[in-house]
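The structure appears below as structure tokens.
Any read-out appearing in this document is the output of simple, stated calculations on the displayed coordinates, not a laboratory observation. Source: prediction; values computed, not measured. Please note: Cβ atoms are built from the backbone with ideal geometry, for glycine as well, and neighbour counts cover all protein chains shown.
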Amino acid sequence: MEYLVNEAIEDYAFLNTSEEPPLLKELIAATNETMGWPQKLSGRLVGRTLKMLSTLQQPKNALEIGMFTGYSALSIAEGMPDDGKLICCETNPRAIEFAKTFFDRSEHGHKIDVIFGKALETLETLTEPLDFTFIDADKRNYLNYYLKVLELTRPGGLIILDNVLWSGKVIQPESEIDDALVETNRLIATDPNVENVFLTVRDGVNVVRKIR
């Protein structure tokens, strides 16, 4: 993934953002040491954004599509009330095993339930209205994820989509993945039933609030 912001500016923003807890720093180090594709991890700027939004929203019923090693899940759970529940969808068994070792050590780990399998299939089993969702899985299915999550989200609920700039490829799309992200972003921006802010944080974060 290529970053669109000047590296010095990115570093400055990182240094001037509240630090994540020590356990999350340890998780970052362990991910970099032992897991493939460590750049998939959300990192401080996105993680602290998720934590702040979760703290403000106080979701009782939250969802994450694409958990990887658990950094974003723990960031979301950190801001949730103690009786909140975060369902995480993940298809990588090794990532699940890794993440659970950190969930077990976190005071917020009891809020997290991990479901192995395809997220679209898991979404069909959910019945409780969603308060908060973070989407960060395969980009070809972003529109499918978003439309189903939107249907499940209560009015006033939040949907956050990561990597919506896709290293700038959304400006001149050349692939199926690029087109999927462009269409998702366009649909969100033109839907009168939601309001959104498209943030140029890291690789792009689209924060969507369902109005009705």
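Annotations
- Cα gyration tensor, the chain - rounded (a/c under 1.5), prolate or oblate: rounded
- Cross-link check: pairs Lys111/Lys139; Lys25/Lys139; Lys60/Lys118; Lys25/Lys169; Lys111/Lys148 evaluated at a Cα-Cα cut-off of 25 Å; pairs beyond the cut-off: Lys111/Lys139; Lys25/Lys139; Lys25/Lys169.
- Shape category assigned to segment 158-212 from the gyration tensor of Cα positions, a/c cut at 1.5: oblate
- Computed from phi, the 3J(HN,Hα) profile of segment 107-112 under the Karplus parametrisation 6.51, -1.76, 1.60 (θ = phi - 60°) reads 5, 9, x, 5, 7, 9 Hz, with x in place of Gly and Pro.
- Footprinting exposure proxy ranking of Leu24, Leu147, Leu4, Leu50, fewest other C-beta atoms within 10 angstrom first, gives Leu147, Leu4, Leu24, Leu50.
- Highest-first arrangement of 189-196, 153-160, where packing means the average Cβ count within 10 Å: 153-160, 189-196
- Solution diffusion estimate, µm²/s, Stokes-Einstein, segment 119-193, Kirkwood Rh from C-alpha pairs, 4 °C, viscosity 1.567 mPa s: 100 µm²/s
- Phi-based couplings in Hz for segment 32-44 (Karplus 6.51, -1.76, 1.60; Gly and Pro marked x): 5, 7, 10, 10, x, 6, x, 5, 5, 5, 5, x, 4
- Taking the helices alone, the chain has a mean residue ellipticity at 222 nm of -12500 deg cm²/dmol, built from -39,500 (n - 2.57) per DSSP H run of at least 4 residues and averaged over all its residues.
- Packing-based ranking of 128-134, 61-67, 164-170, 118-124 yields 61-67, 128-134, 164-170, 118-124, ordered from highest to lowest mean Cβ neighbour count within 10 Å.
- Counting neighbouring Cβ atoms within 10 Å and putting the fewest first, the residues Lys111, Lys148 line up as Lys148, Lys111.
- Between Arg140 and Glu174, the simple label model (points 7 Å from Cα in the Cβ direction) yields a spacing of 1.9 nm.
- Kirkwood Rh in Å, taken over segment 25-69 so that all alpha-carbon pairs contribute: 11.9 Å
- Antiparallel DSSP beta bridges within the chain, as percent of all bridges there, nearest 5: 35 percent
- For the pair segment 28-66 / segment 72-137, the C-alpha centres are spaced 10 Å from each other.
- Residues whose amide H falls under 5 Å from that of Glu64, counting only those 5 or more places apart or on a different chain, are Ile87, Cys88, Cys89, Phe134, with hydrogens built in the peptide plane.
- Couplings 3J(HN,Hα) for segment 190-202, derived from phi with the Karplus relation 6.51 cos²θ - 1.76 cosθ + 1.60 (θ = phi - 60°), are 9, 8, x, 8, 9, 10, 8, 10, 9, 9, 8, 8, 6 Hz, where x marks Gly and Pro.
- Proximal charge balance of Asn196 [Cβ under 11 Å; K/R count +1, D/E count -1]: 0
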